[in-house]
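Here the structure comes first, spelled out in structure tokens, and everything after it is commentary.
The values are calculated or read from the model by the stated rules, or taken from the named source; none is laboratory data. This structure is a prediction, so every number in the text was calculated from the model and none was measured. So basically every Cβ, Gly included, is an ideal-geometry build from the backbone, and we count neighbours across all protein chains shown.
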Amino acid sequence: DAGVIQSPRHEVTEMGQEVTLRCKPISGHDYLFWYRQTMMRGLELLIYFNNNVPIDDSGMPEDRFSAKMPNASFSTLKIQPSEPRDSAVYFCASSERGNEQYFGPGTRLTVT
Amino acid sequence: EDQVTQSPEALRLQEGESSSLNCSYTVSGLRGLFWYRQDPGKGPEFLFTLYSAGEEKEKERLKATLTKKESFLHITAPKPEDSATYLCAAHAGGTSYGKLTFGQGTILTVHP
């Protein structure tokens, strides 16, 4: 299996612009997670899905963030409008039946 | 609230100098304790899952153990390539089934 695939790997954008991050989970996995990692706050869970349904979005920082999972093989995390404080590495992970999670390579987002 | 605390924050070892990393957890109804390794610029890589107190798992120079309150990652005769950040995470189950609570990580540096 190719593992969890994320795109883009790097994104540089200006404050106020819309940013869309994409994730393809491992085939057959029924859980999908979006995390944000910074030096100050470590690894934070933003939202997770089970069978394409959002289960817990309590980690989403504010209404500027939204996530969708239209089918079992694709998810997006959107930030609109983006702000400099959103700069971080965003990881997508997937798991089977809630067991160990496998992480993608991450998207490094820089908002200037 | 579920909590995971790792210590020390950073550990510097000489090659061949064995040591242990600690992960203390406060989770109601632990369903699994996970260890991950993260290299700079990459996503966390799954190492071990431990499910019950007394359980041990080994992989090369690493051995993970679990008690009712904490987990240890023992590193025997480490090499420079073992340098990385090691993360532990707890799975509480219940209404949070599938969700992992991560510690802040221990940055391990092994000098030749």
Every residue from the range A:25-62 that is within 14 Å of another protein chain (Cβ to nearest Cβ) and of a type in the set (D, E, K, R): A:ASP30, A:ARG36, A:ARG41, A:GLU44, A:ASP56, A:ASP57
Could you please let me know if A:LEU45 is in contact with a Cys (Cβ under 8 Å, 6 or more places away or on another chain) and within 24 Å of B:GLY41 (Cβ to Cβ)? no
Residue list for the range A:18-50, filter: without any contact (Cβ under 8 Å) to a residue 40 or more places away in the chain and of a type in the set (Gly, Ala, Ser): A:GLY42
So, in the range B:39-56, exactly how many residues are surrounded by 15 or more Cβ atoms within 10 Å (Cβ to Cβ) and within 13 Å of the chain's Cα centre (by Cα)? 6
For the range B:90-100, give me the residue count where each residue is more than 7 Å from chain A (Cβ to nearest Cβ) and hydrophobic (A, V, I, L, M, F, W, C). 2
Please specify each residue of the range A:100-112 satisfying the condition of being part of a loop (DSSP other than H, G, I, E, B) and surrounded by 18 or more Cβ atoms within 10 Å (Cβ to Cβ). A:GLU100, A:GLN101, A:GLY104, A:GLY106
Which residues, taken from the range A:70-94, are free of Cβ contacts under 8 Å to residues at least 60 places away in the same chain and within 14 Å of chain B (Cβ to nearest Cβ)? A:ALA88, A:VAL89
Out of the strands (runs of 3 or more DSSP E) lying entirely within the range B:1-68, which hold 1 or more residues that are under 19 Å from A:GLN101 (Cα atoms)? B:3-7, B:19-26, B:32-38, B:45-50, B:56-59, B:62-66
Would you mind stating whether A:ARG97 is within 11 Å of chain B (Cβ to nearest Cβ) and either surrounded by fewer than 19 Cβ atoms within 10 Å (Cβ to Cβ) or of a type in the set (D, E, K, R) (or both)? yes
On the basis of being touching a Pro at 6+ places or on another chain (Cβ under 7 Å) and under 23 Å from A:GLY42 (Cα atoms), does B:LEU87 make the cut? yes
Checked against (1) at negative phi; (2) in contact (Cβ under 8 Å) with a residue 60 or more places away in the chain, B:ALA77 satisfies every condition except (1)
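This table checks each residue for (1) in contact with a strand residue (DSSP E or B) (Cβ under 9 Å, 6 or more places away or on another chain); (2) surrounded by fewer than 19 Cβ atoms within 10 Å (Cβ to Cβ); (3) at pLDDT 95 or above; (4) within 14 Å of chain A (Cβ to nearest Cβ).
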| position | (1), (2), (3), (4) |
| --- | --- |
| B:LYS68 | no, yes, no, no |
| B:SER71 | yes, no, yes, no |
| B:CYS88 | yes, no, yes, yes |
| B:PHE102 | yes, no, no, yes |
| B:THR106 | yes, no, yes, yes |
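Conditions (1) free of Cβ contacts under 8 Å to residues at least 12 places away in the same chain; (2) touching a helix residue (DSSP H, G or I) at 6+ places or on another chain (Cβ under 8 Å); (3) polar (S, T, N, Q), marked per residue:
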residue: B:LEU21; (1), (2), (3): no, no, no
residue: B:SER24; (1), (2), (3): no, no, yes
residue: B:LYS68; (1), (2), (3): no, no, no
residue: B:SER71; (1), (2), (3): no, no, yes
residue: B:ALA89; (1), (2), (3): no, no, no
residue: B:GLY93; (1), (2), (3): no, no, no
residue: B:LYS99; (1), (2), (3): yes, no, no
residue: B:PHE102; (1), (2), (3): no, no, no
